[in-house]
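First up is the structure itself, then whatever we jot down about it.
Here, each number is a calculation from the coordinates, and none is a lab measurement. In this text the structure is predicted, and so the values were computed from the model without any measurement. Cβ atoms come from the backbone with ideal geometry, glycine included; neighbour counts cover every protein chain shown.
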Amino acid sequence: MIPPIPPDLLIEARAGRPAAVAELWLHLRPLAAMVARKYQNIDREDAEGEAALIYLEVLQIWDPDRGVPFPAFFARKLHHRLWTLVRRTSRETQKRASSGGQAEDGGPGDIFALLRDPRWAEPFLEAEIRLLLAGLAPRERRVLAGLLSGLPLSALAKQEGVTRQSVTYHLRRALKKLGHDWGR
């Protein structure tokens with residue numbers, strides 16, 4: 001059970017105050033861990049990353065006037081996201097198995113053009129950056145860092161011991177968690 005959330009903390013977090021956002025996340029992490037434990041076939045780090053992403057989304061869309069407590073709303077959205085992740089992972093595994101394990105070729109396009117987008121140039125507060133990066137799984141952080149340092153996708157794939165398609169997948173997830181919709 002999570003400790004009660006002070007109402008002022010929730011109001012401040014919803015207003016976008018970085019310290020309140022981080023403190024509220026600390027209150028909700030045990031709830032996120034409890035929800036994630038039900039999905040044993042999802043990597044713990046991926047589940048934590050999804051939980052952080054959902055937390056940031058829920059802060060924006062939760063409506064207190066609807067009478068649903070914030071922790072319950074967060075837990076429900078997290079359940080739904082993890083279930084979707086399980087289904088998607090299962091489908092991708094089936095596709096790979098049916099294609100003989102061969103990855104389809106297809107790069108992410110010009111990632112540097114995406115990073116030059118003016119929305120990335122907006123100043124972020126240090127706490128917000130830390131919270132966003134904390135929401136990335138370690139492999140997503142490594143792939144993003146490697147790409148930003150100039151490594152091609154094929155070299156990243158070799159370094160990570162995965163296919164180029166997997167590198168693209170991790171990159172897409174990282175960018176989505178950082179607030180950029182890839183536009184599939």
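Below, the figures for the structure above:
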{"item": "Ordering of 74-85, 42-53 by burial proxy (mean other Cβ atoms within 10 Å per residue, highest first)", "result": "42-53, 74-85"}
{"item": "Net lengthening on full extension, ASP63/ALA33 (0.36 nm per residue, minus Cα-Cα)", "result": "8.4 nm"}
